Amino acid sequence: MVLLITNNQFLFKNPKENNMEEQQISQKVNQEVFNLLKKIDPLFFEENRLLTFKSWVFKDNKPCSAQKLAEAGFIFYGTKQDPDTVKCFFCDKTLDGWEEMDCPWSEHESHAPYCNYAKLRTSNLRVEDYINLRKELLIKIKNKFVEDKKIESEEALEEILDEMET
Ligand SMILES: [Zn+2]
């Protein structure tokens, strides 16, 4: 059985259609897991990314609409001076200079070919996709933490050496 995370619900791909009890249980589990993930990982959900776009330079019916950008993993990252800057929630790539006929997925992939979210080409994540992306994100956070700590300890060491010299 595959669990799908869509924007509005989780779907078990094949709960037995004739088994009401199994369907009810899977619906309940789906809802619980969905609510939990939404709380801990809001930006994994397209609708939450879309909420970051209070306004956007192109209309909703254009290929480069706020909706399509949110689907392709982007959150609004603009300012008054740069009203069309967006950032990928997953790889942190920022992009601007959009044209209304741009395809956000294609732009994302060509400017950040390393982004495993962009490679999926869908915002309907399967649980395996979610777990893989989440794992990668956790490793990134851990490495950054280790890096920061290293810098902190190097700075501390320099301070001690400075004090010893004076
Ligand atoms: Zn990305």
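Throughout, read-outs are computed from the coordinates displayed, never taken from laboratory work. Predicted model, so just to flag it, every value in this text is computed and none were measured. Quick reminder, even Gly has a Cβ in these numbers, built from the backbone with ideal geometry, and neighbours come from all protein chains shown.
Computed values, structure above
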{"read-out": "Label-point separation, Leu43 to Glu100 (7 Å along Cα→Cβ), nm", "value": "2.9 nm"}
{"read-out": "Cross-link pairs Lys93/Lys142; Lys54/Lys149; Lys54/Lys93; Lys80/Lys135; Lys54/Lys119; Lys38/Lys142 - those with Cα-Cα distance over 30 Å", "value": "Lys54/Lys149; Lys80/Lys135"}
{"read-out": "Label-point separation in nm, Ser55 to Lys80, each point 7 Å along Cα→Cβ", "value": "1.2 nm"}
{"read-out": "For the range 89-98, Karplus couplings with θ = phi - 60° (6.51, -1.76, 1.60), whole Hz, Gly/Pro x", "value": "5, 9, 9, 6, 5, 9, 9, 9, x, 5"}
{"read-out": "Extension gain from Leu36 to Ile139, taking 0.36 nm per residue of separation minus the Cα-Cα distance", "value": "35.0 nm"}
{"read-out": "Choice from Glu46, Glu155, Glu100 with maximal GNM fluctuation in the chain (Cα, 10 Å cutoff)", "value": "Glu155"}
{"read-out": "Förster radius 41 Å - calculated FRET efficiency between Thr122 and Leu161 (Cβ-Cβ, nearest 0.05)", "value": "0.15"}
{"read-out": "Whole-number D in µm² s⁻¹ for the chain, Kirkwood Cα-pair radius fed into Stokes-Einstein, 4 °C, 1.567 mPa s", "value": "70 µm²/s"}
{"read-out": "Among Leu161, Ile151, Leu138 - extreme Cα towards positive end, dipole of the range 85-166, charges at beta-carbon", "value": "Leu138"}
{"read-out": "Value at 222 nm in deg cm²/dmol, rounded to 500, when DSSP H runs of n ≥ 4 in the chain each add -39,500 (n - 2.57)", "value": "-16500 deg cm²/dmol"}
{"read-out": "Kyte-Doolittle at least -1.0, axis length at least 15 Å by Cα - qualifying DSSP helices, the chain", "value": "20-40, 127-165"}
